[in-house]
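Notes follow once the structure below has been shown.
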Amino acid sequence: MARELSSGGNVLLKTFLVGILLGIAATAGALYSLPAVDQHREVSLVTVAPNGGNQESFHINIPMDRIMVGTAGQKAGLPAGLDWPQDDVLAGVSAELFKIRNARDVVIGVAARTVAKEEASDVIDWVLHIPARGTLFVNMAPDAQEGGHRIGRLRTGSNEFALLKGFVVERWVADTSGEEDAPAGRIELLATYVGTAEPFE
């Protein structure tokens, strides 16, 4: 009798543990296929480029879309309570954080621009993060082209940008409207996607 009760208890315990494991597996599968966070996604305003590929335009209104500026020894432009690290390694590094807008002037994400001054030439990088779409990392040429614009290569990305190849053109456009509440100007970023890269193996 005691053996039968013990055997029945073991079966119940095993059933209980298997049920918990199956429940965890089912929950993990549901979260993977149906994410708990349903991020809002603006319509992608992508056009066909004249010489092939696709183009997408972003811009940043200055100064209203600038969130932060950070550089060695600087106090202004940083959020209250945040100090730029006083480290010799970061002496020639500056960083800016912005809101980025699409062609309809809707804020769709954030962007960071970092500049590291070196003896040979500056290292200038952009990181654009667009929720629900992904992130782009762009390495810019240190020298501006004739006309003041700078060209950078799309080095890598995540989500829908993960396999894209292409380049980004950065240029400053001053505002000449004369309106009282107009921005000083805007930074325009024109991304051209010219193909897809082979996935890493």
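Quick notes on this structure:
- Among residues of the stretch 162-187, those that are more than 20 Å from Asn139 (Cα to Cα) and part of a loop (DSSP other than H, G, I, E, B), counted: 10
- Cβ-Cβ under 6 Å pairs, at least 6 apart or on other chains, the stretch 182-198 side at pLDDT below 85, far side not in a loop (DSSP other than H, G, I, E, B): Val194/Lys165; Val194/Gly166; Gly195/Lys165; Ala197/Lys165
- Being in the same structural domain as Ser57 (by TED's automatic domain parsing), touching a residue at least 24 places away in the same chain (Cβ under 8 Å), surrounded by 14 or more Cβ atoms within 10 Å (Cβ to Cβ) and in contact with a helix residue (DSSP H, G or I) (Cβ under 6 Å, 6 or more places away or on another chain) is a condition met by at least one residue of the stretch 135-155.
The values are calculated or read from the model by the stated rules, or taken from the named source; none is laboratory data. Every value quoted in this text rests on a predicted model; they were computed, and no experiment measured them. Quick reminder, even Gly has a Cβ in these numbers, built from the backbone with ideal geometry, and neighbours come from all protein chains shown.
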